[in-house]
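Chemist: Sending over a structure as structure tokens; questions will come in a sec.
What follows draws every value from the coordinates through simple rules; no lab data is involved. Note that the coordinates shown come from a computational prediction; the quantities given were computed from them, not determined experimentally. Every residue, glycine as well, gets a Cβ built from its backbone with ideal geometry; the counts of neighbours run over all protein chains shown.
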Amino acid sequence: MIILGIDPGLARVGFGLIDTKNRNKPQMLDCGIIKTNKEESDGERMVEIAKDLSELILKWKPDMAAVEKFFFYKSSTTISVVQARGVLIMTLASFQIPITEFPPMQIKLAVAGSGHANKNEVLEAVMRELNLEKPPRPDDAADALAIALTGLFQE
């Protein structure tokens, strides 16, 4: 099974794909970010997110998606991130990909063993679980791999 992990955002959407053929040794297939141009309107940026995510789906044909559940911050970007997350969910649904959602604490608990794990602890756990020699970059991609692993562990 191929699991697509997604770390939502408007400026940068982290993605990570893992192959879980061997449940005890999942393998990273790909990771990175979908980056949008801050000079464009929010609508144009969301179209870019949908287009780029569709291309990833067509290339890798994931069997399921795991998406970080948004919890509210008092921030000027909150609404645009929620809107971008909606575009991600809609795009996945349009390809009939089953979606599971996890809050940040559940992701940290599943991957690093503590809901209060810091970024480095999560990164080390991702590297260990996927047998990676180098940390995946940028951070959004590493977070997306953690989300994909949570999808595997919660299966």
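Chemist: To the nearest µm²/s, what D does Stokes-Einstein give for region 19-102 at 25 °C and 0.890 mPa s, using the Kirkwood radius over alpha carbon pairs as Rh?
Modeler: 171
Chemist: OK, next. Within the P(r) computed for region 1-45, what percentage of the Cα pairs occupies the region above 14 Å?
Modeler: I get 55 percent for the Cα pairs in region 1-45 exceeding 14 Å.
Chemist: Under 16 Å Cα-Cα from Lys134, which lysines qualify once same-chain neighbours fewer than 8 residues away are excluded?
Modeler: Hits, sequence-local ones excluded: Lys119.
Chemist: Given the options Ser54, Ser41, Ser80, state which has the largest fluctuation in a GNM of the chain using a 10 Å cut-off (strictly under) for Cα springs.
Modeler: Residue with maximal mean-square fluctuation among Ser54, Ser41, Ser80: Ser41.
Chemist: To the nearest 20 debye, what is the magnitude of the charge dipole of the chain about its Cα centre, counting +1 on the Cβ of each Lys and Arg and -1 on the Cβ of each Asp and Glu?
Modeler: 200
Chemist: Can you give me the convex hull volume of the Cα atoms of region 65-155, divided per residue and expressed in Å³?
Modeler: Roughly 104 Å³ of hull volume per residue.
Chemist: Can you pick out the pairs among Lys59/Lys108; Lys25/Lys51; Lys21/Lys59 whose Cα atoms lie more than 26 Å from each other?
Modeler: Lys59/Lys108; Lys25/Lys51
Chemist: Using a Gaussian network model of the chain with C-alpha springs under 10 Å, which one of Ile57, Ile33, Ile18 is most mobile by mean-square fluctuation?
Modeler: So, out of Ile57, Ile33, Ile18, the one fluctuating most is Ile57.
Chemist: Which value, in Å³ per residue, describes the convex hull spanned by the Cα atoms of the chain?
Modeler: Hull volume over Cα atoms, normalised by residue count, gives 102 Å³.
Chemist: Compare Glu101, Glu44, Glu133 in a GNM of the chain, Cα atoms joined below 10 Å, and give the one with the largest fluctuation.
Modeler: For the chain, modelled as a Gaussian network with Cα springs under 10 Å, the answer is Glu133.
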